[in-house]
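Encoded as structure tokens, the structure appears first; notes follow it.
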Amino acid sequence: MDHSLARLVQLLSAGFSNQSQAFDNPPLYAHILVKFRPLPQLEPGSLLLEQSYAINPVAPYRIRVLRPERRDGQLIIHNQSLRDAERFWGAVEDADKRAAIREADLNLLEGCTYVVQGRGDGFVGEVEPGCRCLVERKGATAYLVSSFEIDPAGMRTIDRGHDPQTHEQLWGSLAGPFQFERTEDYSAEIPGSWYEAFSS
């Protein structure tokens, strides 16, 4: 079995909150919830991601399907958007909505694949180089510079948007990474067939 791939999927299959950080530094950090849950009906490793402000968890500002896999000996995470994404808002807490997600609903986000490496008892990853991960926010197009660290205790992330022409930072963290503590564990929802697929 590819133990590193299985371990990455296990660590990601969880809920996270930066409540402590947000309450300690309210001017700098919003209180954010991040949840990843397995989607057994999709390709092995497929995880629904919902990222929302704690004051309005049913309206996520980011909803994606991520899929870790090994390609050419390298761990990567495919980043996929959902067609008509609002249909699936709240699916991370609604089993029927999760079950309704199909491969046909997914759109691979070009240039937005994460490249991942093991570190200690966890992993670090960042968006592939090339400035091709374009996102729309506040009426402007920016390329995403994003990185994360994850381990059994929690997760740390930095997301920043930069102007494609000037490379000036347009939005994102100015005060350092968001510090998320692990609040839920969904790894028991990973189907056994995925582990078989990871070993093939």
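The values are calculated or read from the model by the stated rules, or taken from the named source; none is laboratory data. What you see is a predicted model, and the numbers here were worked out from it, not measured in a lab. As a convention, Cβ positions derive from the backbone with ideal geometry for all residues, glycine included, and neighbour counts pool all protein chains shown.
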* Asked: Before we move on, is S81 crowded, with 19+ Cβ neighbours inside 10 Å, among the hydroxyl-bearing types (S, T, Y) and assigned to a strand (DSSP E or B)?
  -> no
* Structure fact -> Within the stretch 15-31, the residues that are of a type in the set (A, V, I, L, M, F, W, C) and out of contact with any Ser or Thr (no Cβ under 7 Å at 6 or more places or on another chain) are A22, F23, L28, A30
* Residues located in the stretch 25-47, provided they are at pLDDT 95 or above and either among the hydroxyl-bearing types (S, T, Y) or surrounded by fewer than 17 Cβ atoms within 10 Å (Cβ to Cβ) (or both) -> H31, P40, Q41, E43, S46
* Structure fact -> The number of residues in the stretch 131-179 that are under 20 Å from H31 (Cβ atoms), surrounded by 15 or more Cβ atoms within 10 Å (Cβ to Cβ), of a type outside the set (D, E) and touching a Leu at 6+ places or on another chain (Cβ under 9 Å) is 4
* Asked: Of the residues in the stretch 173-200, how many are more than 16 Å from the chain's Cα centre (by Cα) and closer than 30 Å to F23 by Cβ?
  -> 6
* Pick out, from the stretch 143-200, the strands (runs of 3 or more DSSP E) lying fully within it that include 2 or more residues that are among the aromatic types (F, W, Y) and under 24 Å from G73 (Cα atoms). => none
* Test for F16: is it buried (at least 19 other Cβ atoms within 10 Å of the Cβ), out of contact with any helix residue (DSSP H, G or I) (no Cβ under 6 Å at 6 or more places or on another chain) and modelled with pLDDT of 95 or more -> yes
* Structure fact -> The residue from D159, D185, D121, D151 that alone is free of Cβ contacts under 8 Å to residues at least 24 places away in the same chain and out of contact with any Phe, Trp or Tyr (no Cβ under 7 Å at 6 or more places or on another chain) is D159
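Residue-wise test of (1) of a type in the set (A, V, I, L, M, F, W, C); (2) within 18 Å of V34 (Cβ to Cβ).
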{"residue": "R64", "(1), (2)": "no, yes"}
{"residue": "A100", "(1), (2)": "yes, no"}
{"residue": "D105", "(1), (2)": "no, no"}
{"residue": "L108", "(1), (2)": "yes, no"}
{"residue": "G111", "(1), (2)": "no, no"}
